[in-house]
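The values are calculated or read from the model by the stated rules, or taken from the named source; none is laboratory data. From a predicted model like this one, the values you see are computed outputs, not experimental measurements. Quick reminder, even Gly has a Cβ in these numbers, built from the backbone with ideal geometry, and neighbours come from all protein chains shown. Ligands, DNA and RNA are excluded from the accessible area calculation, which covers all protein heavy atoms including side chains. Shrake-Rupley method; radii C 1.70, N 1.55, O 1.52, S 1.80 Å.
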There are 2 protein chains.
Amino acid sequence: MSSIWFKKHFLKSGSSTNPGNAESLGRGAEQQLPAASLYRRPKFLRGVCSGERLPGRRPIYCPPRDRPLQWGTGYAEVINAEKSKFNEDQATCCQISVRRREIGMEEEQDWLILCSNQYLIGYYWALFDGHGGPDAAIIASNYLHYCIKQKLEEVVEGITEAQPPMHLSGCCICPSDSQFVEEKQIQQEDVVIGALENAFQECDEVIGQEMEATNQSGGCTALAALYLQGKLYVANAGDSRAILVQKQSVVPLSSEFTPETERQRIQQLAFLCPKLLADEFTRFEFPRRLKGNDIGQKILYRDYSMAGWGYKTVEKADLKYPLIHGHGKQTRLLGTLAVSRGLGDHQLKVIDTDIEVKPFLSCIPQVKVFDFASRNIKEDDVLVLATDGLWDILSNEEVAQIVRSFLKENRTDPYRFSELARCLVHTARGKKNGHQWILDDNSPASYDDISAFLIPLYNRDADC
Amino acid sequence: MSSIWFKKHFLKSGSSTNPGNAESLGRGAEQQLPAASLYRRPKFLRGVCSGERLPGRRPIYCPPRDRPLQWGTGYAEVINAEKSKFNEDQATCCQISVRRREIGMEEEQDWLILCSNQYLIGYYWALFDGHGGPDAAIIASNYLHYCIKQKLEEVVEGITEAQPPMHLSGCCICPSDSQFVEEKQIQQEDVVIGALENAFQECDEVIGQEMEATNQSGGCTALAALYLQGKLYVANAGDSRAILVQKQSVVPLSSEFTPETERQRIQQLAFLCPKLLADEFTRFEFPRRLKGNDIGQKILYRDYSMAGWGYKTVEKADLKYPLIHGHGKQTRLLGTLAVSRGLGDHQLKVIDTDIEVKPFLSCIPQVKVFDFASRNIKEDDVLVLATDGLWDILSNEEVAQIVRSFLKENRTDPYRFSELARCLVHTARGKKNGHQWILDDNSPASYDDISAFLIPLYNRDADC
């Protein structure tokens, strides 16, 4: 999709700001194209937070009590401890209205109403954690839901019929087509997953074009949750995380994608396309950077095909900087990036070289599906989406404990999920002690941007 | 490793046949190089089964009662219903003696005894399911345990010290080396896993050289279980399967690798290296083979990056034969192979073309580790290894039910695990009804070769 086409489409059927509620999309309201270069905080924080940094302070912002988010969703955020000029996290919370129509017809033609309702309504929450500047996260927070809306509308018959049809037009070339679809076990949810995958890819292309046109740089992670037709889809590209907290259990609804978790994919690409390393990097992993006097020794190593470790006789070429280096949060791809999936970074090069990072990145999310019909959702069951600033400090189990005890003690406040979000973000941010941010036990708190959605799930399958 | 080197090494420190027991390896006994072209059944069946096909009959063979396998292991096999000339399954069951020594010393030098025992004793079971002829499976059944022995000996300090050393020689270049190893959380078992991965790769190279030298063709899957130092390692490349049957649960200890399960890896390779398809195949997956009148239609498809399904406007190029085609057991890679991992197939080309299949295959196993110390192994807990002939007919749960009820009713016979193996193989083979093989409920039985090891695990951590 070209950037121009996208803008045209965007201007035509874009979002409206729905005062007193979250953004509402796709009903043809007027819409101004957001200027990517205009830094801002999430729209639902307007009047609360300008985005201006308060020197030395890190206040926690929540949506105002008089403008609740959809589903009573809670949200809180805090800026980093001056590691970057801006809070590089961004957030979006809105409905996505998917028009039921026949594909292949021109925009100008009348819609063919296939079912009694003209729209499928989806509910969408997303977090974006920017790096190398705030711009990619801002564009993604403005565009990704449009890409999702568009991709869902393109395949809408595939997600409204009991079984996705082989042909989108409904024509039948081969009488046993539905049998082939059944044999492959292709279901509605597979078509939604495909639409989400393609939407991330399209949003990445748009970001690349916008950033090139405006001479901006940077990238962002993307974690998006979409509730559609009784199922929750969690799409993740990066190191944010989603978990479902229930009374007795914690269900992870995403995996993190970092140079460490995607080592074998990245090393294999370097094996298949060695030119991408321009003789400056080695694709082998060693426990530490090698030195001259390691040459000739047999040292622990891993190559792309290995889940285990072997020993390799060190050659001079092994002294090059490793494709993936460091451990834990310090792990870097090409000495540059801490994440291996996300949007943007099209222009990113290894410092002082012509080596591009983008070929090693993936913009495709992993999508996990949570079916409300097959799970027993109880009161106070809550979906937690948060950027790595939270998860670096709090484990899944610690978050679950805070969630459970907070909700038990705060039963009636309709704003309680934002207070809970504030409580979680506050816990991870800690308190200021001189120039440091520390937890109650005096260990280091998070210096990063932190953003969290707390989404109550009870009775949603009945409501929506 | 060259074939010549291997033969030399093999002849020097190869296996001896230990009458009255399984093969015993590595103690310098005399050994004749097996001729790959000499078809045979597993050594432990000698005197029981010549390998000759009995027309129209499919007797089940077990080891003789007076030559029990290690650990009281049960084994049974049956030939296919004349789909190929030979039983293309092969099996090995033996000890692997890993010499503790300092690496880097020549074979001729004295061994440096590092610990009180000169050898680490491992126990090994493996199944190989051949295709395109029996030769690759025969070579693998003769060689893989030597490759494993050799790879383990090469890194023996890494698997005997509490923490694998950074340098195999024990020299210390950097004082904090052990800290780097600890930070990466590299453990003994990771070095065993690496050795198994490298052993499969080496065995594959040997097979390639042997097959080329003797003008043979074909390949095989490989499923190997190794018990070493209180842990069970299950390495799998192909569509055989290992499960642990316990009283209350079934623990899968392998995953299958087929064109269906490895679709994304295979499609991505075709995307990165399109020349491998020589313009004859399309890398896209469709629910069925496309036809001329599908052109211009939007049809369900998947590309390498997609776990879900999308719709694609069909072009002429999409009418090419798909890289991966069919569904379930009928799925084929390049219209040729039903498995995507295994050993051999170096010369395999798509019929009537110059398109090579080997680049799309992986010889690297997935290795799963089962730690006896952290699991409560009870009496009658049993490890089941079997080729796909069994699993095509019986589910994990059905096998577990047969295992539990058989063992409950047969408490005292020391040969009971072979009788159990016979019972399982018999169930999957079914009975002959005219020209058909059917189960008790008249549904089709297995027409494939079937082989199964039944390995009792109780008290093994204490014994070995």
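Just name the residue that is farthest from the other protein chains (Cβ to nearest Cβ) out of those in the stretch B:332-345 that are out of contact with any Ser or Thr (no Cβ under 6 Å at 6 or more places or on another chain) and not hydrophobic (A, V, I, L, M, F, W, C). Checking each candidate, the answer is B:Thr336. Output yes when any residue across the stretch A:251-272 is part of a loop (DSSP other than H, G, I, E, B), within 23 Å of A:Lys329 (Cα to Cα) and at the interface with chain B (Cβ under 9 Å from one of its Cβ atoms), and no when none is. Looking through the stretch A:251-272, none of the residues is part of a loop (DSSP other than H, G, I, E, B), within 23 Å of A:Lys329 (Cα to Cα) and at the interface with chain B (Cβ under 9 Å from one of its Cβ atoms).
Against the numbered list (1) among the aliphatic types (A, V, I, L, M); (2) open to solvent by less than 20 Å² (accessible area, probe 1.4 Å); (3) touching a residue at least 12 places away in the same chain (Cβ under 8 Å), B:Ile438 comes up short only at (3).
Among the residues making up the stretch A:416-428, those that are open to solvent by less than 30 Å² (accessible area, probe 1.4 Å) and touching a residue at least 60 places away in the same chain (Cβ under 8 Å) are A:Arg416, A:Phe417, A:Ser418, A:Leu420, A:Ala421, A:Leu424, A:Val425.
The number of residues in the stretch A:319-331 that are on the phi < 0 side of the Ramachandran plot, surrounded by fewer than 18 Cβ atoms within 10 Å (Cβ to Cβ) and not hydrophobic (A, V, I, L, M, F, W, C) comes to 5. Those residues that are in a helix (DSSP H, G or I) and touching a residue at least 24 places away in the same chain (Cβ under 8 Å), I need them from the stretch B:384-405; list them, please. Matches in the stretch B:384-405: B:Asp388, B:Gly389, B:Leu390, B:Trp391, B:Asn396, B:Glu397, B:Val399, B:Ala400, B:Ile402, B:Val403, B:Arg404. State all residues of the stretch B:54-90 that are open to solvent by 20 Å² or more (accessible area, probe 1.4 Å) and part of a strand (DSSP E or B); if no residue qualifies, say none. Of everything in the stretch B:54-90, just one residue is open to solvent by 20 Å² or more (accessible area, probe 1.4 Å) and part of a strand (DSSP E or B), namely B:Tyr61.
Candidates are the residues of the stretch B:332-354 that are out of contact with any Asp or Glu (no Cβ under 6 Å at 6 or more places or on another chain) and of a type in the set (A, V, I, L, M, F, W, C); the one that is most open to solvent (accessible area, probe 1.4 Å) is B:Ile351. B:Glu397 fulfils the conditions (1) open to solvent by 40 Å² or more (accessible area, probe 1.4 Å); (2) within 30 Å of B:Phe453 (Cα to Cα); (3) in contact with a Lys or Arg (Cβ under 7 Å, 6 or more places away or on another chain); (4) not β-branched (Val, Ile, Thr) except for a single criterion, (3). For the stretch A:283-296, a residue qualifies if it is at the interface with chain B (Cβ under 9 Å from one of its Cβ atoms), assigned to a loop (DSSP other than H, G, I, E, B) and open to solvent by 50 Å² or more (accessible area, probe 1.4 Å), and exactly one does: A:Lys291.
The single condition from (1) open to solvent by less than 10 Å² (accessible area, probe 1.4 Å); (2) at pLDDT below 95 that B:Cys93 fails is (2). Considering the stretch A:355-389, and only residues there that are open to solvent by less than 50 Å² (accessible area, probe 1.4 Å) and hydroxyl-bearing (Ser, Thr, Tyr), the residue that is farthest from A:Gln264 (Cα to Cα) turns out to be A:Thr387. Considering the stretch B:241-282, the residues that are of a type in the set (S, T, N, Q) and within 21 Å of the chain's Cα centre (by Cα) include one that is surrounded by the fewest Cβ atoms within 10 Å (Cβ to Cβ), namely B:Ser255.
Run down B:Gly238, B:Gly296 and say which single residue is of a type outside the set (A, V, I, L, M), on the phi > 0 side of the Ramachandran plot and over 18 Å from the mean Cα position of the chain (by Cα). Give the derivation first.
Details: B:Gly238 fails: over 18 Å from the mean Cα position of the chain (by Cα).
Step by step, each of B:Gly238, B:Gly296 is checked, and only B:Gly296 is of a type outside the set (A, V, I, L, M), on the phi > 0 side of the Ramachandran plot and over 18 Å from the mean Cα position of the chain (by Cα).
Criterion first (under 26 Å from A:Val399 (Cα atoms) and either touching a residue at least 40 places away in the same chain (Cβ under 8 Å) or more than 13 Å from chain B (Cβ to nearest Cβ) (or both)) does A:Glu280 satisfy it? Taking the combined requirement at face value, the residue does not satisfy it. Look through the stretch A:302-325, keep the residues that are closer than 20 Å to A:Ser340 by Cβ and of a type in the set (Phe, Trp, Tyr), and return whichever of them is nearest to the other protein chains (Cβ to nearest Cβ). Filtering the stretch A:302-325 for residues that are closer than 20 Å to A:Ser340 by Cβ and of a type in the set (Phe, Trp, Tyr), the one nearest to the other protein chains (Cβ to nearest Cβ) comes out as A:Tyr304. If I filter the stretch B:362-397 down to residues being under 22 Å from the mean Cα position of the chain (by Cα) and among the acidic types (Asp, Glu), which single residue comes out as nearest to B:Glu256 (Cα to Cα)? Here the answer is B:Asp388.
Only residues that are free of Cβ contacts under 8 Å to residues at least 24 places away in the same chain, over 25 Å from A:Ile364 (Cα atoms), in a loop (DSSP other than H, G, I, E, B) and not hydrophobic (A, V, I, L, M, F, W, C) were counted across the stretch A:303-343, and they come to 2.
Screening B:Asp135 on (1) more than 14 Å from chain A (Cβ to nearest Cβ); (2) open to solvent by less than 10 Å² (accessible area, probe 1.4 Å); (3) in contact with a helix residue (DSSP H, G or I) (Cβ under 9 Å, 6 or more places away or on another chain) shows it passes everything except condition (2). Here is a check on your reading of the model: is B:Val367 of a type in the set (A, V, I, L, M) and under 30 Å from B:Asn198 (Cβ atoms)? Against the criterion (of a type in the set (A, V, I, L, M) and under 30 Å from B:Asn198 (Cβ atoms)), B:Val367 qualifies.
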